[in-house]
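Just below is one structure, and these are the notes that go with it.
The values are calculated or read from the model by the stated rules, or taken from the named source; none is laboratory data. Predicted, not measured: the structure shown is a model, and the values here were computed from it. In this analysis, Cβ positions are derived from the backbone assuming ideal geometry, glycine residues included, and neighbour counts consider all displayed protein chains. The area values use the complete protein model at the heavy-atom level, side chains included, leaving out ligands, DNA and RNA. Shrake-Rupley method; radii C 1.70, N 1.55, O 1.52, S 1.80 Å.
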Amino acid sequence: MTEQLTIKPLRVGVVSTGGIFRGAHMPAFVANPYTEIVAVCDPHKPSACEVADELGQVRVYTEWQEMLDREDLDIIDICSPNYLHATVAIAALERGFHVFCEKPDAITPEEAMNMKEAATRSGKVLMVMRNNRFRPRSRFLKQWIQDGGAGQLYTGRCGWLRRKGIPGKGGWFTTKSMSGGGPLIDLGVHMIDLAVWLMGNPKPVSVTGATYSHFGQTHIKGETRIVEGNTYDVEDLATGFIRFDNGATLQVEVSWASHIEQDELFVEMRGTKAGFSLKNEEFKLFTDMAGEPLNQLPQVPTGGWGHQENVNHFVDVIRGVAEPDFTPDQGIDMIRILDAMYRSAKEGREIRLDTKNS
């Protein structure tokens, strides 16, 4: 009889059990055959208890520091408000835990750099959610670009626009000290990352931006509780322009609220041989054939949102069977872009970035 080898699952501790954990992280870690959620933490104990009841045999904490001190863990999954991402990640890495964190990486470039340094010292894996890279059409485009289908990508535009979609009022999303900003750091991080990743991760060298806040009292998502009289000090629309070290450029537009026809997610890129457009559910390639314009509709499935595949990749990197698709340096560049766009909007000038320290 052949003895079966039992693989001990990687033990996961969770920091914050809100919507993004329940809707994206939890099902992904539960479905992965190499992980097991053993502890959850949330300052709102009923939320943590509700998740624990659903998972079964899971210990509950209200203080994340206590969970890190008491639990024998392999992975910390961070789904907390943005301002805690770096604090929790660094503490977890220093204790020898691998870290998977919801976007954004941090709310300042310094925090993102400190996270990278902690990961380097610990030798553990630090990865931040980049789920849009793992959607089927994104993977198709990445391979098509690497195969030379687009030629040289030299300019593009990306964005995520909501007509009415401010996530509440008075909670951490609309409080800059806790979120780092509005739709730019909430939604923009997704589409900017996808565009820059498809471009081959060039280094940003300068950023120009503008932000606007006109709808904080009105265009609120109905399902989110409104805390009257509390803070709304973030933008509801941002635009920007990024230059990269290879000469490429990228336009950005994101909003929680604006007078547009419909909500829209998009990445459009132009190359010397061909271009492409990802726009909501539409996917097109643009090139020439026999001297005439040709539009193509690749039959690539839409797939899901990529959260499961992103978590699977993170676990495979820990297991040593995959090379990381995301690196902390890419996270630093992302936060530097967002920070520079906010600074540009405030100061009314282009912000030059120092690529030597990135």
| request: Give me the net charge of residue 56's neighbourhood, meaning all other residues with Cβ under 14 Å from the Cβ of residue 56; Lys, Arg count +1, Asp, Glu -1. | output: -3
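What does the net charge come to around residue 154 if you take all other residues with beta carbon closer than 12 Å to its beta carbon, with K and R at +1 and D and E at -1?
On the way: positive: 243, 270, 273; negative: none.
Here the charged neighbours net out to +3.
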| Fluctuation leader among 68, 93, 294 - the chain, Gaussian network, Cα springs under 10 angstrom | 294
| Antiparallel DSSP beta bridges within the chain, as percent of all bridges there, nearest 5 | 60
| task | Would you please classify the overall shape of the stretch 85-194 from the alpha carbon gyration tensor, given that a ≥ b ≥ c denote the square roots of the eigenvalues, rounded means a/c under 1.5, and beyond that prolate means a/b larger than b/c while oblate covers the rest? | result | oblate
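Can you list which of the trypsin sites (Lys or Arg not before Pro) found in the stretch 272-328 are DSSP loop residues with at most 16 other C-beta atoms within 10 Å?
Filter output for the stretch 272-328: 273.
Let me check I've understood the local charge: for residue 213, count other residues with C-beta under 9 angstrom from its C-beta, Lys and Arg +1, Asp and Glu -1. What total comes out?
-3
Once you sort the root eigenvalues of the Cα gyration tensor of the stretch 225-358 as a ≥ b ≥ c, which label holds: rounded (a/c under 1.5), prolate (a/b larger than b/c) or oblate (the other case)?
Working: a/c = 1.36, a/b = 1.21, b/c = 1.12.
Rounded.
DSSP loop GluC sites (Glu not before Pro) in the stretch 238-329 with at most 14 other Cβ atoms within 10 Å of their Cβ, which ones? Spell out each step's value before the answer.
On the way: sites: 253, 261, 264, 268, 281, 282, 309; in loops: 261, 281.
Here the GluC sites (Glu not before Pro) that fit, given the DSSP loop and packing criteria, are 261, 281.
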| task | Taking the Cα centre of the chain as origin, work out the dipole magnitude from +1 charges on Lys and Arg Cβ and -1 charges on Asp and Glu Cβ, in debye rounded to 20. | result | 620
| query | Share of the chain's accessible area from carbon and sulfur, percent, 1.4 Å? | reply | 48
| remark: Which residues qualify? For residue 10, with a placed amide H closer than 5 Å and at least 5 residues away or on another chain, they are 35, 36
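Once you've got the Cα coordinates, tell me which of 8/45; 169/346; 176/203 are over 24 Å apart. Please report the intermediate quantities before stating the final value.
Values: 8/45 29 Å; 169/346 22 Å; 176/203 26 Å.
Result: 8/45; 176/203 exceed 24 Å.
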| field | Gyration tensor (alpha-carbon) shape descriptor, the stretch 282-358, a/c threshold 1.5 | value | oblate
| remark: Residues whose built amide H sits under 5 Å from the amide H of residue 232, excluding neighbours closer than 5 in sequence, are none
